[in-house]
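Here's the structure we're looking at; comments come further down.
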Amino acid sequence: IAWIDSHREWTGKYQLRSKLSIEINFSSSGRIKRLDYLVSVILYYIITFLIGIILGSFGITDENIYGQGMILLAIAPFFIWLIMQGTKRCHDRGNSGWYQLIPFYILWMILGVGDDNKNKYDTSTKE
């Protein structure tokens, strides 16, 4: 893939040339920028939409509880990943990850600027 440069040795973190970095792991430690979080949210919705399309094409989701359970099982890892990304974004704002449970706080995570300096969670993402 020509547009992705390896950011570190095998850590699962890659950096696009536009300075966008997405960490593909289930860790909640550290901080991420607004753009990284926005891309994570968009990826989550695209992936869950595709999972729904794929399972629907097999007829698994047609009017039964079994199909709904299959969808929940299929998207659960991606939902956990999104929660971990949200926790890191809360850390960038200097807040606990529990703040993402506040209604509409996701808008503040996407639109609000993170801390410029080191906070209790990690160093600045602007460095």
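The values are calculated or read from the model by the stated rules, or taken from the named source; none is laboratory data. A quick note: this is a predicted structure, and the numbers were derived from the prediction, not measured. Backbone-built Cβ (ideal geometry, glycine too); neighbour counts: all protein chains shown. Heads up: the accessible areas ignore ligands, DNA and RNA and are worked out on the full protein's heavy atoms, side chains in. Shrake-Rupley method; radii C 1.70, N 1.55, O 1.52, S 1.80 Å.
For the reader, a short list of remarks on this structure follows.
- Per-residue SASA entry for PHE78, accessible area with 1.4 Å probe, Å² rounded to 10: 70
- Ranked by solvent-accessible area (1.4 Å probe, protein heavy atoms only, all chains present), the residues SER40, SER96 order from largest to smallest as SER96, SER40.
- Model label zone, ILE71; criterion: amide N under 20 Å from point 7 Å along Cα-to-beta-carbon; scope the stretch 33-53: 41-53
- Note on ILE54 and LEU101: the model spin-label points, each 7 Å out from Cα along the C-beta direction, lie 3.2 nm apart.
- Heavy atoms of MET84: accessible area, 1.4 Å probe, square angstrom to 10: 40
- Phi-based couplings in Hz for the stretch 113-122 (Karplus 6.51, -1.76, 1.60; Gly and Pro marked x): 7, x, 5, 6, 10, 5, 10, 5, 9, 4
- Stretched out straight at 0.36 nm per residue, the stretch from ILE42 to ILE110 would grow longer than its current Cα-Cα span by 23.3 nm.
- Listed residues LEU38, LEU50 arranged by accessible area, highest first, probe 1.4 Å: LEU50, LEU38
- The stretch 75-121: trypsin sites (Lys or Arg not before Pro) falling in loop per DSSP and having at most 14 other Cβ within 10 Å: LYS118, LYS120
- Per-residue SASA entry for LEU107, accessible area with 1.4 Å probe, Å² rounded to 10: 100
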